[in-house]
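Peer 1: Before I ask anything, let me first share the structure, which is written out below as structure tokens.
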Protein chains: 2
Amino acid sequence: MAINTIKFDEKGLIPAIVQDADTDDVVMFAWMNKESFKKTLETGVMTYWSRSRQKLWIKGETSGNTQKVLDVYIDCDADCLLFKVEPQGLGAACHKGYRSCFFRKVSLPDGAFSVVGERVFDPEDVYKNK
Amino acid sequence: MAINTIKFDEKGLIPAIVQDADTDDVVMFAWMNKESFKKTLETGVMTYWSRSRQKLWIKGETSGNTQKVLDVYIDCDADCLLFKVEPQGLGAACHKGYRSCFFRKVSLPDGAFSVVGERVFDPEDVYKNK
């Protein structure tokens, strides 16, 4: 089965790039292990491996901003995944309340950061008491 | 300087996601170390760290398919970079001759792979005698 040729790294993980299927914006980058990848395919809801918490992580479980899987792609070396998703809830991929985690632009050539993304919620409201 | 807050991992690397600025297709995923990131900003040409060859790697040096940097973004945790590029030459990001390394789609729910991407060169022609 093709899916068994996917290469997980020495920690059993594979990078997952997430694109909003509607805007094609890259909204998030995270990691999956085999279990979270299988769960993502089975449930159609983006499920990652949290390296900091060392457990499966259904993105948006707390905030309601889950990601519905539309399409899945794999790269030439079978060691990176790309997902096209339909953001649910308020549509924020970022825990800081932005649509995309890549909400900061790096100026060239000086390397300064500036916020360019759209913020759709205030994390203090969403995550308080959780 | 903001650029000094970028987090490289325990191997001194940071993931780099590359989008074609024209189509917004994700065309490649690779890694950078601090030196390759600085070189990318300075030269405006995507320069990675090759983990397999353990050296700086100007993408397209052999094939002519370099990538001109247009915009750079950084994620919320400052541990992943996103580049919008203008592909040069034949416009193939993939060493297998496709515009994008993500030229294969994973069918749901069975996980079969199918080629969906556009191939713009035959690697046997481009890389022979190199």
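Peer 1: Just give me the residues in segment B:1-34 being part of a helix (DSSP H, G or I) and of a type in the set (A, V, I, L, M), in sequence order. Even if it seems obvious, please write down each step before you answer.
Peer 2: Start the filter on segment B:1-34 by keeping residues that are part of a helix (DSSP H, G or I), which leaves B:2-5, B:34.
Within segment B:1-34, B:2, B:3 meet the criteria.
Peer 1: Also, quick follow-up: All but one of (1) closer than 18 Å to residue B:16 by Cβ; (2) at the interface with chain B (Cβ under 8 Å from one of its Cβ atoms) hold for residue A:79; state the number of the condition that does not hold.
Peer 2: Unmet for residue A:79, out of (1) closer than 18 Å to residue B:16 by Cβ; (2) at the interface with chain B (Cβ under 8 Å from one of its Cβ atoms): (2).
Peer 1: Further question on the same structure: When only residues in segment B:92-117 that are in contact (Cβ under 8 Å) with a residue 40 or more places away in the chain and not hydroxyl-bearing (Ser, Thr, Tyr) count, which is nearest to residue A:41 (Cα to Cα)? Before you say what the answer is, go through the steps one by one.
Peer 2: Applying the first criterion (in contact (Cβ under 8 Å) with a residue 40 or more places away in the chain) to segment B:92-117 yields B:93-94, B:99-102.
Then drop every residue that is not not hydroxyl-bearing (Ser, Thr, Tyr), which leaves B:93-94, B:99, B:101-102.
Details: B:93: 27, B:94: 26, B:99: 26, B:101: 21, B:102: 18 Å.
Selected residue: B:102.
Peer 1: Let me ask you something else. Within segment A:30-44, count every residue that is under 30 Å from residue B:20 (Cβ atoms), in contact with a strand residue (DSSP E or B) (Cβ under 6 Å, 6 or more places away or on another chain) and either open to solvent by 30 Å² or more (accessible area, probe 1.4 Å) or not polar (S, T, N, Q) (or both).
Peer 2: Looking only at that region, the number is 4.
Peer 1: Tell me yes or no: at least one residue of segment A:45-61 is facing chain B (nearest Cβ under 7 Å) and hydrophobic (A, V, I, L, M, F, W, C).
Peer 2: Filtering segment A:45-61 down to residues facing chain B (nearest Cβ under 7 Å) leaves none.
No: zero hits.
Peer 1: Testing residue A:121 on (1) surrounded by 14 or more Cβ atoms within 10 Å (Cβ to Cβ); (2) touching a strand residue (DSSP E or B) at 6+ places or on another chain (Cβ under 8 Å); (3) away from chain B (no Cβ under 11 Å); (4) of a type outside the set (S, T, N, Q), one condition comes back false. Which one is that?
Peer 2: Exception for residue A:121: condition (2).
Peer 1: Can you find, within segment A:4-15, the residue that is surrounded by the fewest Cβ atoms within 10 Å (Cβ to Cβ) among those that are touching a residue at least 40 places away in the same chain (Cβ under 8 Å) and within 10 Å of chain B (Cβ to nearest Cβ)?
Peer 2: Across segment A:4-15, the extreme among qualifying residues is A:5.
Peer 1: Can I ask one more? If residue A:108 satisfies all but one of (1) facing another protein chain (nearest Cβ under 10 Å); (2) open to solvent by 40 Å² or more (accessible area, probe 1.4 Å); (3) in contact with a helix residue (DSSP H, G or I) (Cβ under 8 Å, 6 or more places away or on another chain); (4) not in a loop (DSSP other than H, G, I, E, B), what's the number of the condition it fails?
Peer 2: (4)
Peer 1: Within segment B:62-74, which residues are among the β-branched types (Val, Ile, Thr) and either more than 20 Å from residue A:102 (Cβ to Cβ) or more than 13 Å from every other protein chain (Cβ to nearest Cβ) (or both)? Step through it out loud before you land on a result.
Peer 2: In the first step, residues of segment B:62-74 are kept if they are among the β-branched types (Val, Ile, Thr); the result is B:62, B:66, B:69, B:72, B:74.
Across segment B:62-74, the qualifying residues are B:62, B:66.
Peer 1: Taking the residues in segment B:44-78 that are hydroxyl-bearing (Ser, Thr, Tyr) and assigned to a strand (DSSP E or B) as candidates, determine which candidate is farthest from the chain's Cα centre (by Cα).
Peer 2: Applying the first criterion (hydroxyl-bearing (Ser, Thr, Tyr)) to segment B:44-78 yields B:47-48, B:50, B:52, B:62-63, B:66, B:73.
Still in the list and also assigned to a strand (DSSP E or B): B:47-48, B:50, B:73.
Numbers: B:47: 9, B:48: 8, B:50: 11, B:73: 14 Å.
Looking at residues that are hydroxyl-bearing (Ser, Thr, Tyr) and assigned to a strand (DSSP E or B), I get B:73.
Peer 1: So, in segment B:73-105, exactly how many residues are surrounded by fewer than 19 Cβ atoms within 10 Å (Cβ to Cβ) and among the aliphatic types (A, V, I, L, M)?
Peer 2: Count: 2.
Peer 1: Looking only at segment A:16-26, which residues are of a type outside the set (D, E, K, R), open to solvent by 10 Å² or more (accessible area, probe 1.4 Å) and within 10 Å of chain B (Cβ to nearest Cβ)?
Peer 2: In the first step, residues of segment A:16-26 are kept if they are of a type outside the set (D, E, K, R); the result is A:16-19, A:21, A:23, A:26.
Subset that is open to solvent by 10 Å² or more (accessible area, probe 1.4 Å): A:21, A:23.
Across segment A:16-26, the qualifying residue is only A:23.
The values are calculated or read from the model by the stated rules, or taken from the named source; none is laboratory data. Please read all numbers here as calculations on a predicted model, not as lab measurements. Reconstructed Cβ throughout: ideal geometry from the backbone, glycine too, with neighbour counts over all protein chains shown. For accessibility, only protein heavy atoms count, side chains too; no ligands or nucleic acids. Shrake-Rupley method; radii C 1.70, N 1.55, O 1.52, S 1.80 Å.
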